[in-house]
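Visitor: If you scroll down you'll find the structure; I have some questions about it.
The values are calculated or read from the model by the stated rules, or taken from the named source; none is laboratory data. Note that this is a predicted model, so its numbers are computed, not measured. Cβ: placed from backbone, ideal geometry, glycine included. Neighbour counts: every protein chain shown. Protein only, heavy atoms only, side chains kept; ligands, DNA and RNA dropped before computing areas. Shrake-Rupley method; radii C 1.70, N 1.55, O 1.52, S 1.80 Å.
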Amino acid sequence: MSSQLTNSRRRFLRNTVGTIAAFTIVPRHVLGRGFLAPSDTLTKGVIGVGSMGRGHFEYAGTRTVAVCDVDTRHIKLALDALGGGKGIKTFRDYRELINLPEVDIVHIATPPHWHGIMAADAARAGKDIWCEKPMTRTIGEGKRVVEAVKQHGRIFRLNTWFRFEDNFYGMNTTVKPIKKLVDSGLLGWPLKVTVSKHTGFDWKFYWVGKTDLPVDPVPQELDYEMWLGPAPFKPYSAHRTHTTFRGYWDYDGGGLGDMGQHYIDPIQYFLGKDDDSPIRVEVDAPQQHDDAVGTWRRITYTYADGCQIVLDGDGSLEGAAYIEGPKGKLYKGFNCTIPDIERKLAAFPDPAPVTTNFVDAVKNRKKFALNEENGHRSCTIVNIGKVALQLGRTLHFDPVQQVFINDEGANRLLNPPMRGAWSI
């Protein structure tokens, strides 16, 4: 199939869920919102079955019935991981997978330049969505995903889980007690959060691009045209694709793109800013190449109320606390300058409960804890940082309109043009 959507194909994807047929497991979107299908198991299709995609075949309450990848080697590895692939449908074009009536959930594990298009198309096709981070490559794509998920009544999960479970890197605790500490007011306000190797967060600066890429022959097993999709055409080089794609602006954003939402999303949550964005971003970094992502020394975000998030790239903030407020500081390992902090926190209420089981969210049509709305907000922090790095200057941002203030150059990067007939 051509990698470019025809008008009729686009209309079909946007306006129909697909023909309903008889299947062993009936999709819930066919039966109607809130109706439980005969089986307890949700079916899913995985788009992008490299190492990340293959790592998510097994999830309690789900069963993989279809996989899609532009690399036939990945397809073979996926089928092997699924016990030989009996009964598993395979595709090289995601549009075929998302229109399967027997698929309840679409799991998107591709490079980020595909996330927005695929998530929006999946929502229009009546699918619930599990998407890897970063949610989208641009702010404009994130806004379109939010709109599509809302319009079509879908359930969306962004796959970074630290706001609600698992130890939060160097803090040696889940985010729950950090949220409780911030909500208690014991640290005061406003707060400054420093994300650094000294507070337990590695920026993975090995995800940098190369400026002297050779032109390699395209491997027979790879559909490079489809791999690029909406991204600008660049001659094939092995370093552009698969795991090292993160080093190129066309597809991701280096260490910030890779780890930024993992680190920043919980900060948005415990600062209580899930419906807000910083108003200013400042960068201290070498001049960035227009193609290859480089490193940076410091990125500082400031909110309207004075709260700050400081990303320490060069490790120069050696003595900084993870959270610093006018009344106290919290360091790596949940070490706090406030005496007897655990006893004092016990007197305060726990954070409000949220839905953290995706299967339950889909079955009961409940919004997942990390969804298209708050996920878009935390991804926006990553993306305004990327724009500031690319342009090499301080930027001012309007959190309501979600545009840069008095900066046409920055605003052009909100919705960069997509190649050919691709659109979102």
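Visitor: Please find, among 136, 160, the residue that is assigned to a loop (DSSP other than H, G, I, E, B), β-branched (Val, Ile, Thr), open to solvent by less than 10 Å² (accessible area, probe 1.4 Å) and modelled with pLDDT under 95.
Guide: 160
Visitor: Note down all Cβ pairs under 6 Å where the first residue falls in segment 217-243 and is without any contact (Cβ under 8 Å) to a residue 40 or more places away in the chain, the second is basic (Lys, Arg), and they're at least six residues apart or on different chains.
Guide: 239/210
Visitor: Related question: Scan segment 43-64 for residues that are more than 20 Å from residue 244 (Cα to Cα) and open to solvent by less than 20 Å² (accessible area, probe 1.4 Å) and jot them down.
Guide: The answer is 43, 44, 45, 46, 57, 64.
Visitor: Further question: Just to be sure, is residue 73 closer than 24 Å to residue 233 by Cβ, in contact (Cβ under 8 Å) with a residue 40 or more places away in the chain, more than 15 Å from the chain's Cα centre (by Cα) and open to solvent by 10 Å² or more (accessible area, probe 1.4 Å)?
Guide: When the stated conditions are applied, residue 73 passes them.
Visitor: Moving to a separate point now. When the residues of segment 164-185 are filtered to those that are modelled with pLDDT of 95 or more and assigned to a loop (DSSP other than H, G, I, E, B), which remaining residue is most open to solvent (accessible area, probe 1.4 Å)?
Guide: Ranking the candidates gives 174 first.
Visitor: Just to be sure I understand the filter: pairs with C-beta atoms under 6 Å, separated by 6 or more residues or on different chains, first member in segment 325-338 and modelled with pLDDT of 95 or more, second member in a strand (DSSP E or B) and small (Gly, Ala, Ser). Which pairs pass?
Guide: As it stands, the answer is 337/328; 338/328, since those pairs meet every condition given.
Visitor: If you don't mind, there's one more thing I want to ask. In the list 372, 318, which residue meets the criterion of being open to solvent by 70 Å² or more (accessible area, probe 1.4 Å), of a type in the set (Asp, Glu) and either in contact with a strand residue (DSSP E or B) (Cβ under 7 Å, 6 or more places away or on another chain) or in contact (Cβ under 8 Å) with a residue 40 or more places away in the chain (or both)?
Guide: Being open to solvent by 70 Å² or more (accessible area, probe 1.4 Å), of a type in the set (Asp, Glu) and either in contact with a strand residue (DSSP E or B) (Cβ under 7 Å, 6 or more places away or on another chain) or in contact (Cβ under 8 Å) with a residue 40 or more places away in the chain (or both) holds for just one of 372, 318, which is 318.
Visitor: Is it true that residue 188 is out of contact with any strand residue (DSSP E or B) (no Cβ under 9 Å at 6 or more places or on another chain), within 25 Å of residue 308 (Cβ to Cβ), open to solvent by less than 60 Å² (accessible area, probe 1.4 Å) and not basic (Lys, Arg)?
Guide: no
Visitor: Moving on. Considering segment 47-100 alone, what residues qualify as being of a type in the set (Ser, Thr, Tyr) and in a helix (DSSP H, G or I)?
Guide: Within segment 47-100, 51, 72, 94 meet the criteria.
Visitor: Then there is this: So, in segment 101-125, of the ones that are within 13 Å of residue 156 (Cβ to Cβ) and outside any helix (DSSP H, G or I), which residue ends up farthest from the chain's Cα centre (by Cα)?
Guide: Filtering segment 101-125 for residues that are within 13 Å of residue 156 (Cβ to Cβ) and outside any helix (DSSP H, G or I), the one farthest from the chain's Cα centre (by Cα) comes out as 105.
Visitor: For segment 353-418, list the helices (runs of 4 or more DSSP H) that sit wholly inside it and hold at least 3 residues that are within 29 Å of residue 44 (Cα to Cα) and in contact with a helix residue (DSSP H, G or I) (Cβ under 9 Å, 6 or more places away or on another chain); which are they?
Guide: In segment 353-418, the matching helices (runs of 4 or more DSSP H) lie at 372-391.
Visitor: Within segment 144-157, is there a residue that is modelled with pLDDT of 95 or more, under 22 Å from residue 385 (Cβ atoms), within 11 Å of the chain's Cα centre (by Cα) and not hydrophobic (A, V, I, L, M, F, W, C)?
Guide: No, there is no match, as no residue in segment 144-157 is modelled with pLDDT of 95 or more, under 22 Å from residue 385 (Cβ atoms), within 11 Å of the chain's Cα centre (by Cα) and not hydrophobic (A, V, I, L, M, F, W, C).
Visitor: While we're on this one: Is it true that some residue in segment 261-275 is under 23 Å from residue 401 (Cα atoms), surrounded by 23 or more Cβ atoms within 10 Å (Cβ to Cβ) and touching a strand residue (DSSP E or B) at 6+ places or on another chain (Cβ under 7 Å)?
Guide: Looking for residues that are under 23 Å from residue 401 (Cα atoms), surrounded by 23 or more Cβ atoms within 10 Å (Cβ to Cβ) and touching a strand residue (DSSP E or B) at 6+ places or on another chain (Cβ under 7 Å), one finds at least one in segment 261-275, hence yes.
Visitor: Going through segment 249-301 one residue at a time, which ones are at positive phi and touching a Lys or Arg at 6+ places or on another chain (Cβ under 7 Å)?
Guide: 254
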